[in-house]
Number of protein chains: 2
Amino acid sequence: MAAERRQGTRERILAIAREEFAQRGYSGTTIADIARRLGTTTAALYYHFTSKADILDSLLAEPLAAYGRLIEQTAAASMPAAALLAAYIDFTAETRELIPVIAADQSAMRALLDERLPRSPEEMTAAIIAALAGPQPSRAATIRAHAAFAVVKEATLAALATSDGRLAAPDRDEILTAALRALSE
Amino acid sequence: MAAERRQGTRERILAIAREEFAQRGYSGTTIADIARRLGTTTAALYYHFTSKADILDSLLAEPLAAYGRLIEQTAAASMPAAALLAAYIDFTAETRELIPVIAADQSAMRALLDERLPRSPEEMTAAIIAALAGPQPSRAATIRAHAAFAVVKEATLAALATSDGRLAAPDRDEILTAALRALSE
DNA sequence: GTCTATATTGTGATAGAC
DNA sequence: GTCTATCACAATATAGAC
């Protein structure tokens, strides 16, 4: 509480917004909700941010750019599947607090994703699947690629939900092993 | 088009709403959007449904009840993991058109889920994980259970996205095999 | 069953004082 | 930096004619 008050107001707004957006969704959260938890009025928010969308953008711009870089890197170098999956586990763990913001209100994110990602979310997922499935993949290999990607995304979040916020090394190994098993023929 | 016009107006509204909700999210879709695609006015919709929430409820009530029954069944009988995972693949395939409605605007679904599910979504997921992880599961076994569940959810949707709408038997086998591999020690 | 017109409310955003 | 006051608009919903 004391620590929270020592932060700049801007940072406190972002922290509150992150929690509210994750719980109620971006559309379901009002500026008034954030202002009330901050202990001020809606007008005060507009001194720190130009709009509600600006708050969302401030939260997600950097992580989305990082996600974009990760994809470019994946597409360029031909990474082994294990390295690629490990990279996604680590990325998910690092951005764990922001993933629920996107998941809670996917459709409201559309505009932001179009602006902040180098390619459409669908194309980016397709790039990952292609990298995991290998050249000239069979239909079965493509399905296994989807399976492995699903594992790194969801099992990582599940492991983090019952931990102190850091991903323990044994958990990371277990997730990676499970993903590689799902990918194997 | 001719076939669409032969349906009752109520059914046409539901079909349009399903598409719009899946694309723009429940919050992001207005009654006016639906009315425009229907070729009428918003007032006309209120002859067929009592509210916007009533449209959502009419779409999802039955599938959510079915999901609830599936969980009860899972918790009661001690199903083998393979049977349980297969049941979830089939359930996902059967309700494929409605899953995007929920996914697009998760937080807006909260009220409906509370009303239409026997337990909270979190508890229901926990029941599935418990059934997959077995009695007195290690942390690793719990992670593998999450991994297997992620596979049946996401790989099934991925397979359906590139098919005629039905889940082909070889695809179903491939998904089940990948899930069981992710679950295996 | 569908229309026009309108009531009502919620919410993002701004003006201007302090 | 924050306040009071208020605007503008969009969206759900209703009344009553046809």
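No value in this document is a laboratory result; all are computed from the given coordinates. Computed from a predicted model, the values in this text were never measured in an experiment. Cβ atoms come from the backbone with ideal geometry, glycine included; neighbour counts cover every protein chain shown.
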Under the rule of at least 5 residues apart or a separate chain, name every residue whose amide H is placed under 5 Å from the amide H of B:TYR26.
B:ASP105
What is the fewest-to-most order of A:ASP173, A:ASP57, A:ASP105 by other Cβ atoms lying within 10 Å of their Cβ?
A:ASP173, A:ASP57, A:ASP105
So what are the ³J(HN,Hα) numbers for the stretch B:37-54, from phi and the Karplus equation (6.51, -1.76, 1.60; θ = phi - 60°), rounded to whole Hz, Gly and Pro as x?
5, 6, x, 9, 10, 5, 4, 4, 4, 6, 7, 8, 9, 7, 6, 4, 4, 5
Under the definition of Cα pairs under 8 Å and six or more residues apart, what whole-number percent is the relative contact order of the stretch A:2-183?
24 percent
Calculated [θ] (222 nm, deg cm²/dmol) that DSSP helices of n ≥ 4 give over chain A, each run adding -39,500 (n - 2.57):
-24500 deg cm²/dmol
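Rounded, prolate or oblate: which one fits the stretch A:63-185, using the alpha carbon gyration tensor with axes a ≥ b ≥ c (rounded when a/c is under 1.5, else prolate when a/b beats b/c, else oblate)?
oblate
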Comparing A:ILE143, A:ILE128, A:ILE71, which has the greatest mean-square fluctuation in the GNM of chain A with Cα pairs linked when under 10 Å apart?
A:ILE143
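Estimate the FRET efficiency between B:GLN23 and B:GLN136 by the formula 1/(1 + (r/R0)^6), using the beta-carbon distance for r and 56 Å for R0, to the nearest 0.05.
Numbers: r = 45 Å, r/R0 = 0.79.
The pair B:GLN23/B:GLN136 has a calculated efficiency of 0.80.
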Using a cut-off of 14 Å between beta-carbons, work out the net charge of the residues near B:GLU97 (Lys and Arg +1, Asp and Glu -1, B:GLU97 not included).
-3
Cut-off under 18 Å on the C-alpha distance; same-chain residues fewer than 8 positions from B:LYS153 excluded. Which aspartates and glutamates are left, in chain and number order?
A:GLU122, A:GLU154, B:ASP90, B:GLU94, B:GLU97, B:ASP105, B:GLU122, B:GLU123, B:ASP171, B:ASP173, B:GLU174
